[in-house]
Structure formats: C-alpha cells, structure tokens
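Everything on this sheet refers to the single structure shown next.
The values are calculated or read from the model by the stated rules, or taken from the named source; none is laboratory data. Nothing here was measured: the structure is a model prediction, and the numbers come from that model. All Cβ positions, glycine included, derive from the backbone under ideal geometry; neighbour counts span all protein chains shown. Side chains are part of the model used for accessible areas, which takes the heavy atoms of the whole protein and leaves out ligands, DNA and RNA. Shrake-Rupley method; radii C 1.70, N 1.55, O 1.52, S 1.80 Å.
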Amino acid sequence: MTSAFPPSPGRDESPHDAASHAGRWAASAREDRRAAAMPGCVAGGPPVGVAHLHLDGRVLALDEGMYALFGEPHGSLEGVHLDDAAPVLPLAIALQRVLHAIRAGDAHVRFVVARRRHGAAEPHVLVRVDGRRLDVGRDVPASDPSLRGLVAVTAVRERATVAQPVDDAVLDRIAESHAVLDATRRCRRLNRAAERSLGIERHAALGRSIDALFPAAIAAALHAQLDPVVTGGHDAHGRVRGVIDGRVMHLDLDAYPIGATPPFGVSLFWRDVTAVVSTDAALRASEARYRAVIEQAAIGIGRLDPHTTRWLEVNAALCRILGAPPEALVTRTLRAMLDADDPASAAAVASLEALAAGAPPTPAIDVPLTRPDGHRVWVRMTLSLLYHPADGSADGLAIVEDITAEREAAALRAQQLAMAERERARLAELFQRSPTFAVVYRGPEHRVEFVNQAATQLIGERPALGRPLDEVAPEAREQGFTRLLDHVLATGEPVEFFETPVWLYREAGRSRVLRYVDMVFTPLREPDGRVSGVLAQGVDVTGHVFARHEVERLLTDSQAAREAEDHERRRLRAVLAAIPVGVIVAEAPSGRILDTNEAMARIWGGAPHTDAASGYSTEWHGFPFADGRPTRRPYQSHEWPVARCLA
C-alpha cells in the first residue's frame, strides 16, 4: 500500500527524497497547523476510530473511523511511522503521546486534539484518545510472538460548545514558531520554537505586543497581514520581508482567527525562510546562468524523450546544426533523422534503445543526420539520461557537435595522403631503379630507412633497413662519413664530394675493396622545417677514375718516348755534324729526306728536300760518269745512290 506520507529519513529513503515531498503535503500541513492552533473539530463521520500500533510508533492498521478522524484516504497510513506523520497531522502527535504514556505505565490516557474544518463555523469537536496495551495470551494468540508490543488505541469524537486548550507539550513539538495573540495583538501563548525564533523566554514574552517582540520592519508588515484576521475573521497566509541590520529577512506566516465575534484573537504560525529565499534566488540565478550557458554554447544540446526520441528542448547551436527553428524541431524525432542503412546510425539507434531501458551513457558516436531541409550533416553525438529528482523520471540528453567540416577535411586529408603515398611509392620505385645509389638515413643514429639496388650493389648484401649506419657499415665511421652526416643533420647544409676513395668490406673476413664515388648528402626536412634525416645519393665512378689513370699513364709513357726520341735525334745530329763528308739520312722505303749534315749542305748548296725517291731527279740534277768522264745523260731518280740503297 502506498503511503500518503514520506517515510522518515534513514528508514526507507534518504533525506533528499523525503524533502522532495514537501510541496505535495504543504496544503495538508497548513490544515493541520490550523487544527493544532484551534480548540475543537467538526462533527460527522464515524464517532469512534481504532488504531493498531507498534510500541516503536509504526502504524499497523487503522479502521475506517480512524481514517475519517485523520482525514486521509483509506489504506494510506499503513506502515507509516508516527514520526513521519506528526509534522502534518496533529492526531499523529496525540497518538505519539499515547504511546509514550503507555510505555511509561499509564494504561488510560486522555488527550484533546483540536480540529476545525477550513472556513466552517460548526461547533468544536473534542477527540478523546484512549490507549491500552494488548497482553499476549489474552487479546492475541500466545503462539504469535510477532504481535508482542502492540497497542490498540481508541479515538472518540465528542461535540463541545466550549473551546478546550491544546496541550502546550503538543505545540512544543511543532517545528514551526507559534504564538497566540489576543485582539490587541499581545502575546498570550508561545511555543519553544517561537522562543528560539524571537530570542526571548516565554514568561518574558507574555503580554507584550508584536511591536515589542518583532523587529520594526517585520512588525509593520505583520500588522498589515493580521488586520483582516483580527477584524474580519479571515485566515491569512503570506510572506513578510524586512531589512534588519542590513540583512534581508523573510518570514512565511499562517494566521487563523480565534473567537466567535470580532475582534478576533490570532493563532499565528511563522517560520524563517530567509535561507530558503536566498537559496531559491541562488537557484534561479544559477538556472538562469545555466540556461544562458546552454543557449550560448557552441555545441548543440537537446533534451528528448528517451522512448520516442522526440525533441523536447533544443538550444540555438543545435538549431543551427539541424537547420531548423525550435518550433520545427520539437515536432520531429531524432530517430527519423537517422539513416537506417548507415552502420553508425544503427549504433545510435541501439544506444537510444539502451538508454530507454536504463543503460548507462554510451561513448560519443559519429553519425550522419538528415536535416528537415534534406541536407545531410555529420555530427558527433553523446547520449545520456537526465534524471528528475522529484519523481525519478528521466529525459534523454543529446550533446551534438557538427563535424561535417572535420569529416570533409579528414576525407580530403586522406585523399591527399593517398596521393602522397602513391607519389612516394612512385619515387621509391624510381630511386630503386636509378643507376645512382641512394640511401635515406633518419635520426641522430642515422638509421637506414631506404636503400636502393645500386647502393646494395655498392656495399654488398647487408641487413640494413632499420639499423644504424655504424652497425651496417662500421668502415663509414672510420673514414669520417658519420661525422659528415652529423654535420648535415645539425646544420641543414648539404655536403658534396667527388671521386672520393671509399674502402668497403664486401663480405665479412674479406679484404677491403677500393671504390671511387661522387656523392652528395642532402638534408631531409619535415613540414615544420626541422631536419629529420639525410639523403645520401651518388655515383660509383671507380671505372672512370681507373680509365683516366690509365690514360694519364699512357700519356706519360708517350711523353717519355717523345723525349727519348728527341734526345736520340739531337745525338745523331751531333754525330752527323762531326763527319767531314756529306751524309744524307733518308726514310725507308719512301726515300723522304729526313736530315743531312753540314758537309752535304755545302755540296748541294743547301739542305735537299724531297718527300719521295721518285722525285729525286726533279730536285737534283746530275750526270753519270763513263770512262772517267761525265756523260751528258741526266740521272734518273732511281739511279741516284740513295734510291739504289733503298731499292
């Protein structure tokens, strides 16, 4: 059976949950304050009510008569503790007193509880409460030990024409401040809560006016509230405000008339709600700031029904993202905006269904949404539940970020990366097939990132990729190449060298091989300008160097031969010059005159010149001798002595 009263904190629910019911029972509390303040209650209904209570204060059962006396629906108080009902029902206070007296040993206790129906002018009604202990074995079966400690309480309603005073002890249990004022508005009665509120003892307050009891700012406002009560006999409910020592004070009050004819006395209840008002103001300010933050947030925020996914509330950013005003969005559902064929949308639908079933929030999901105008946008959406503390219900909360531009940029970036990767692969293929050797080093250890076929042919088959240069080719450090790479990596300046001798170990344990290379170390820069590696590229020019060396050797040998020939020629000339007879040096077999000595030049009158023996007679003129005499027949070219020697 559902209780009509919030359970006591610590027994069935937390103080926060119990406090959330305060608004529901405010009207009932007000009616019962009136009852506690006034002597009597109306007639009508069953004259007797019986309650079965446990000594600890729990209500086990009430009959129809007792529910009529309580003024609560039948069945609403079973299981309720009297401590929970006492703040709002004076009869519950009386029952607490009954239990206290029974526990103290008094078997019959009589209490008076006043109740008067709101606005009614009926006679007062007295309620007499009679309680007795149920002895096990007499009123209940002795075999049932669970019934021990039960109390049966009988309440009888009686008519009365004279108001009966309410017990001070009952009013002292009320948490609110209470005072009874006469028609002149002087204090005639005060409970303990009022003593604490006014800071004055009860005996000192009696007979003093409200002007003397309350600060001036509050008293003036109280007079205005009490005027219709004193003069017209009307109830008054309101809030008064006053500034005391620079501090704003707020009091909520309920005033009820006492007496049959005007001017009436006043039963006054009040409570200091300054903290409540301040808290409410702070909450309203906080809510205003919260709403301003939500409304001005750069990301979309929306509240939706977790079952139907219909938008309930959206901020301006979400309206911009979804391309529609709030009044258009609140008629649509999130589910209708999802693409059922998209895998991401299927995940979003699953998240919505899980949320509706009470599952915890899911991580953010990238999902496409179709706007009311048909345009498609990509959003990053986080779904969770927003609980209402009053009744425990929950709304869905969607945090939506437009990532359309991000997705487009990512797609473009992926396309560019794919193009760059294809270009890189193409360049790598070109470098791999290039007749020049190429090696890429990365980082301060100069780890090999790339090596082409020409480089492999140069240095031999070695495990190189991913390894530092010093491990791949220890001879590089010995010959100063590591130092040059360090320089390029540190300064970003390229280094070139030509026909540089390099000693390489083609195979472990083998003798060194000398190679000549033309090479350049080029720095490799990142997009931020930082040098992260070095490209070593070059050509093996060993064959060219060796060929040039051979040519140079041959040229040297030829020069030496020419110099030797010139030396022999000079020595021959010296010998010829020393011979006193004429000498001719001719080339065989052509007969070309190469040289003559001075004696021959004197004989001929100059150095003879001819290129062939067949032309001797053209250059020279002579006659043969016969019988010791020259003949008149000229020499033919073949008859000359030189020609005959060469023939």
What does the charge count near Ala205 come to, summing +1 for each Lys or Arg and -1 for each Asp or Glu among other residues with Cβ under 10 Å from its Cβ? +3
Which shape class, rounded, prolate or oblate, goes with region 567-618 when its Cα gyration tensor gives a ≥ b ≥ c as root eigenvalues, a/c under 1.5 marks rounded, and past that a/b bigger than b/c marks prolate? oblate
Overall Cα dimensions of region 523-602, principal axis frame, Å, largest first: 93, 24, 16
So how much accessible area does Thr331 have, in Å² to the nearest 10, using a 1.4 Å probe? 100
Where does the charge balance sit around His544 when Lys and Arg score +1, Asp and Glu -1, over other residues with C-beta under 10 Å from its C-beta? -2
Kindly rank 433-441, 624-632, 582-590 from highest to lowest mean number of other beta carbons found within 10 Å of each residue. 433-441, 582-590, 624-632
Given bins 5 angstrom wide, list per bin the percent of all Cα-Cα distances in region 292-441, short to long. 2, 9, 15, 18, 15, 10, 6, 4, 4, 4, 4, 4, 3, 1, 0, 0, 0
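So for region 296-446: antiparallel DSSP bridges make up what percent, rounded to the nearest 5?
100
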Just to verify a number: what accessible area does Thr556 come out at with the full protein assembly present, 1.4 Å probe, Å² rounded to tens? 90
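What does the net charge come to around Thr522 if you take all other residues with beta carbon closer than 12 Å to its beta carbon, with K and R at +1 and D and E at -1?
Local net charge: -1.
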Can you bin region 498-553 into rounded, prolate or oblate? Criterion: square roots of the alpha carbon gyration tensor eigenvalues sorted a ≥ b ≥ c, rounded for a/c under 1.5, prolate for a/b above b/c, oblate for the rest. oblate
Going out from 0 in 10 Å bins, what whole percent of all Cα-Cα distances in region 379-474 drops into each bin? 13, 23, 17, 12, 12, 11, 8, 4, 0
Sorted by accessible surface (1.4 Å probe, heavy atoms of the protein chains only), largest first, Phe264, Phe498 come out as Phe498, Phe264
On the full set of protein chains, 1.4 Å probe, figure out the accessible area of Leu524 and give it in Å² to the nearest 10. 40
How high is the relative contact order of region 337-480? Use alpha-carbon pairs under 8 Å, at least six apart in sequence, and give a whole percent. 12
At 20 °C and 1.002 mPa s, the Stokes-Einstein diffusion coefficient in µm²/s for region 555-647, with hydrodynamic radius from the Kirkwood sum on alpha carbon pairs, is 143
Any idea which of Ile258, Ile218, Ile200 is furthest toward the positive side of the dipole for region 186-299, if Lys and Arg beta-carbons carry +1 and Asp and Glu beta-carbons -1? Ile200
